[in-house]
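Peer 1: Sharing a structure, written as structure tokens. Questions coming.
The values are calculated or read from the model by the stated rules, or taken from the named source; none is laboratory data. Just so it is clear, the model here is predicted, and its values are computed rather than measured. Please note: Cβ atoms are built from the backbone with ideal geometry, for glycine as well, and neighbour counts cover all protein chains shown.
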Amino acid sequence: MILLGLFSFEPITMFVCLVLGGGLVTLGVVSGKGHQRSPGTEAATDGSTNRSSDPGPNVIPRTGYREHIPPAPRGEAVRPWAEVPRTVEVVGEFFRQGAYEKIFQGLPRDGTWLNLDLEADLYPDPSNPHSRSGGAISIWISGFHVGFLADGEAAGYSPILRDMAEKHGQYLRVLARVSGYYQTQKRTWHIDTRLGLPEPRDVLPRNQLPQGELELIPIGRVIQVAGEENHMDYLGSIVDPSGPAHYAATLRPTQMGTRTFYDTVQVFIDGHEVGVFSRAMGEQTVALVKLIGDAGKVPVVRATVEGNALRAEVKVRMQRSAEVDHERIHQLQAIARERRANSTRRGEPFDWDDDELAEQQDRDAEDGGA
């Protein structure tokens, strides 16, 4: 008796077995997630390659397959608003050997397991004919197309990334870990690529960015805001009991104290004050906040609100004054000097424009309460 069997296991491991007179002989093994069919590939019967009209600059196509080639990211790369990523696997790496040849160029090809920490760009691919959800997301590293998000995973991100691309000319950039080794006998790379990607709801802030010319302060260490208990009427309306909620907050220099005054920083969300920095944190940040204001810009930071309607905590992640890139400091100082010179020529006093900022925060509060 002859029996041909096909057995399937996870992760996508297939054994083709032949049973001869009770004896089991394994004829072939195909294993590893790298052999998954990605949303952008389809086997061709004529050995041709089908390309889209906009392949992008660094797509290395496969031969022998009918392949949809996604458009390359264009515009401005932006980080996720919330730096609380989960690990998400990329699919289809096996079929993009040419791209990974470039990424691993110059590294050992002797079977050594390699780990590379890189950056990956995500870009919507709505015209992909092989996506069941209609919301394919292509992944790019170092300008090369290296795979896709799995179709089910991509469905949650596609509307957000399409809106970023079509309305704002932006695409998402996240951290990536590319691991693998060169299989000398097969002459192929065994690849495992994973992304640090937050939940879809945390890609963008939950509120709209304020109007005006903005200066987003780079992410830094966490600063605990003080005095939230004085603003629970508003914080209670925006807190999410299910977990941290991520917002865009604005900063404004202020003075506090009773007998002795000191400089510190107020924190606002949608024009509503939600707290103030401690004296120590104010000393480390107020110079930066003032400089941004002197340059005619609104200081914006990433803020997290956590708790419930009775008690909420606000935390800010931002660089301190001494941590900001020197080049950016010099640029802001040059802008501030030019504004100061223009004000002097007009015979106007030059200072932090409290009135203008206050008016803008009032407008943001009205918009947020509408």
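Peer 1: Under 7 Å by Cβ, and 6 or more places apart or on different chains, what pairs join a residue from the range 297-310 that is assigned by TED's automatic domain parsing to the domain that holds PRO253 with one that is in a loop (DSSP other than H, G, I, E, B) and among the small types (Gly, Ala, Ser)?
Peer 2: Here the result reads VAL298/GLY212, each pair linking the range 297-310 to a residue that is in a loop (DSSP other than H, G, I, E, B) and among the small types (Gly, Ala, Ser).
Peer 1: Report the residue count in the range 87-113 for those that are loosely packed, with under 13 Cβ neighbours inside 10 Å and closer than 22 Å to TYR123 by Cα.
Peer 2: Of the residues in that region, 1 qualify.
Peer 1: In the range 207-219, what residues are surrounded by 17 or more Cβ atoms within 10 Å (Cβ to Cβ) and in a loop (DSSP other than H, G, I, E, B)?
Peer 2: ASN207, PRO210, ILE217
Peer 1: Among the residues of the range 178-191, is any touching a His at 6+ places or on another chain (Cβ under 8 Å), of a type in the set (S, T, N, Q) and in contact (Cβ under 8 Å) with a residue 24 or more places away in the chain?
Peer 2: Yes; the residues of the range 178-191 include at least one that is touching a His at 6+ places or on another chain (Cβ under 8 Å), of a type in the set (S, T, N, Q) and in contact (Cβ under 8 Å) with a residue 24 or more places away in the chain.
Peer 1: Please enumerate the residues belonging to the range 191-227 that are farther than 18 Å from ARG79 by Cβ and touching a helix residue (DSSP H, G or I) at 6+ places or on another chain (Cβ under 6 Å).
Peer 2: Within the range 191-227, ILE191, THR193, PRO210, GLY212, ILE223 meet the criteria.
Condition check ((1) modelled with pLDDT under 95; (2) surrounded by fewer than 20 Cβ atoms within 10 Å (Cβ to Cβ); (3) within 30 Å of GLN319 (Cβ to Cβ); (4) not assigned by TED's automatic domain parsing to the domain that holds PRO299) across all residues:
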{"site": "ILE141", "(1), (2), (3), (4)": "no, no, yes, yes"}
{"site": "GLY156", "(1), (2), (3), (4)": "yes, yes, no, yes"}
{"site": "LEU161", "(1), (2), (3), (4)": "no, no, yes, yes"}
{"site": "LYS167", "(1), (2), (3), (4)": "yes, yes, yes, yes"}
{"site": "VAL178", "(1), (2), (3), (4)": "no, no, yes, yes"}
{"site": "TRP189", "(1), (2), (3), (4)": "yes, no, no, yes"}
{"site": "THR193", "(1), (2), (3), (4)": "no, no, yes, yes"}
{"site": "VAL222", "(1), (2), (3), (4)": "no, yes, yes, no"}
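Peer 1: Let me ask something additional. Pairs, please: C-beta under 7 Å, at least 6 apart or cross-chain, first residue in the same structural domain as ARG317 (by TED's automatic domain parsing) and of a type outside the set (D, E, K, R) and in the range 226-248, second part of a helix (DSSP H, G or I) and modelled with pLDDT of 95 or more?
Peer 2: Cβ pairs passing all conditions: LEU235/GLU228; ALA245/ILE238.
Peer 1: Restricting attention to the range 227-242, report how many residues are buried (at least 18 other Cβ atoms within 10 Å of the Cβ) and farther than 28 Å from LEU161 by Cα.
Peer 2: 4
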